[in-house]
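Here's the structure, in structure tokens; my notes come after.
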Amino acid sequence: MQETTPRITKRESTKFDTTDIANAFLFIAAFIGMWQLVSNVGIWSQVLLPTPATVAITISDLVQNSSLTVGMAVTMGRLLAGFALAVGIGGAVGLAMVKFQSFGKTMSSFAVGLLTFPSIAWVPFSILLIGFNDFGILFVVIMASVFSIMISSYSSIRNIPPLYIRAAKNMGASGFSLFRYVMIPAATPSLLIGVRQGWSFAWHALIGAEILITTLYGLGHVLLVGREFQDMGQVIAVMITIFAIGLLFDRVVFMRLEEKVRHRWGLTQANE
């Protein structure tokens with residue numbers, strides 16, 4: 001009996017993944033069909049709204065001349081570096097906010113205020129303070145995502161049911177062992193939501209920074225070049241690439257990680 005349940009759960013998970021992929025393909029096919037229909041009606045000219053086939057040719061050309069591939073590599077390098085720093089800084093400050101209550105209350109309000117600050121508004125500040133370089137873009141990425149992770153870390157640990165803490169202390173847990181084996185695991189599902197949200201903020205901020213800081217290469221720069229030359233095919237091609245990368249990371253990394261955590265923590269039993 002103990003070996004049967006995991007196998008059934010695994011089959012159900014695989015079936016769900018297959019259905020999810022099929023639904024995604026159906027949605028994309030419907031979107032492309034509507035796009036082609038609008039192009040055929042002729043509401044806009046082919047210059048303003050190229051057909052899906054034209055955009056596909058543009059993507060192929062951008063890949064062949066390495067504009068798209070190099071832009072993707074540069075952008076992803078900046079995103080991963082900036083987001084990793086944001087997670088480290090936000091997590092450390094969030095833990096300090098839990099440890100020191102007065103600091104936590106003050107910093108929580110401060111972080112919420114800055115979280116509502118438009119990420120694109122950090123770009124002029126970064127240009128004047130740091131300059132037209134990669135560190136300026138990393139600064140924008142960090143400032144756009146660090147406060148979400150900070151608030152998530154602070155709220156997740158503070159919202160742990162007190163019963164867990166008391167039970168662990170009654171069984172002899174204290175200090176670092178209480179934090180490592182009780183508090184962090186209990187807060188992990190909520191922490192992942194904050195990390196996922198922070199990734200979205202970082203992604204938005206990065207593309208905006210690359211568009212405005214025009215001296216550096218990246219997907220934002222390729223998008224800007226398409227706009228400058230009034231090449232709508234290139235603009236749409238880069239937009240599709242940005243969407244595809246965001247969707248891929250969300251589906252392959254964050255959703256799978258979240259489902260594994262939910263299953264391990266027993267949060268999916270009601271649906272099974």
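Would you mind finding the one in Ile240, Ile245 that is β-branched (Val, Ile, Thr), open to solvent by less than 90 Å² (accessible area, probe 1.4 Å) and more than 30 Å from Gly94 (Cα to Cα)? Spell out the reasoning first.
On the way: Ile245 fails: more than 30 Å from Gly94 (Cα to Cα).
Exactly one of Ile240, Ile245 is β-branched (Val, Ile, Thr), open to solvent by less than 90 Å² (accessible area, probe 1.4 Å) and more than 30 Å from Gly94 (Cα to Cα), namely Ile240.
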Residues in segment 253-270: is at least one over 22 Å from Val98 (Cα atoms), of a type in the set (Lys, Arg), surrounded by 12 or more Cβ atoms within 10 Å (Cβ to Cβ) and touching a residue at least 12 places away in the same chain (Cβ under 8 Å)? yes
In segment 260-269, how many are in a helix (DSSP H, G or I) and either under 16 Å from the mean Cα position of the chain (by Cα) or at pLDDT below 80 (or both)? 4
Which residues, counting only those in segment 184-222, are among the hydrophobic types (A, V, I, L, M, F, W, C), open to solvent by less than 30 Å² (accessible area, probe 1.4 Å) and either assigned to a helix (DSSP H, G or I) or in contact with a Leu (Cβ under 7 Å, 6 or more places away or on another chain) (or both)? Ala187, Trp199, Ala202, Trp203, Ala205, Leu206, Ile207, Ala209, Leu219, Val222
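To keep it simple, each residue is scored yes or no on (1) among the polar types (S, T, N, Q); (2) surrounded by 13 or more Cβ atoms within 10 Å (Cβ to Cβ).
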residue: Phe31; (1), (2): no, no
residue: Val55; (1), (2): no, yes
residue: Ser67; (1), (2): yes, yes
residue: Met72; (1), (2): no, yes
residue: Met76; (1), (2): no, yes
residue: Phe83; (1), (2): no, yes
Please work out if Tyr181 is over 23 Å from Ala84 (Cβ atoms) and in contact with a helix residue (DSSP H, G or I) (Cβ under 6 Å, 6 or more places away or on another chain). no
Of the conditions (1) in contact (Cβ under 8 Å) with a residue 60 or more places away in the chain; (2) on the phi > 0 side of the Ramachandran plot, Leu192 fails just one. Which one is it? (2)
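For every residue, the table says whether it meets (1) β-branched (Val, Ile, Thr); (2) modelled with pLDDT of 90 or more.
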{"residue": "Gly136", "(1), (2)": "no, yes"}
{"residue": "Ser153", "(1), (2)": "no, no"}
{"residue": "Leu163", "(1), (2)": "no, no"}
{"residue": "Asn170", "(1), (2)": "no, no"}
{"residue": "Val182", "(1), (2)": "yes, no"}
{"residue": "Leu192", "(1), (2)": "no, no"}
{"residue": "Val225", "(1), (2)": "yes, yes"}
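Within segment 115-171, considering only helices (runs of 4 or more DSSP H) that don't extend past its boundaries, which have at least 1 residues that are among the basic types (Lys, Arg) and open to solvent by 30 Å² or more (accessible area, probe 1.4 Å)? Don't jump to the end; show me each part of the working.
Values: elements: 122-129, 134-158, 162-170.
Once the helices (runs of 4 or more DSSP H) in segment 115-171 are filtered for at least 1 residues that are among the basic types (Lys, Arg) and open to solvent by 30 Å² or more (accessible area, probe 1.4 Å), what remains is 134-158, 162-170.
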Within segment 97-114, tally of residues that are surrounded by fewer than 18 Cβ atoms within 10 Å (Cβ to Cβ) and closer than 29 Å to Gly77 by Cβ: 1
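Return the residues of segment 106-134 that are under 14 Å from Ala209 (Cβ atoms), of a type in the set (Phe, Trp, Tyr) and under 23 Å from the mean Cα position of the chain (by Cα); say none if nothing qualifies.
Applying the first criterion (under 14 Å from Ala209 (Cβ atoms)) to segment 106-134 yields 118-134.
Right, trim to of a type in the set (Phe, Trp, Tyr) and you get 122, 125, 132.
Passing the criteria: only Trp122.
The values are calculated or read from the model by the stated rules, or taken from the named source; none is laboratory data. If you're wondering where the values come from, they're calculated on a predicted model, not measured in any experiment. Here the Cβ is made from the backbone with ideal geometry for all residues, glycine too, and neighbour counts use every protein chain on show. In case anyone asks, the SASA skips ligands and DNA or RNA and just uses the protein heavy atoms, side chains included. Shrake-Rupley method; radii C 1.70, N 1.55, O 1.52, S 1.80 Å.
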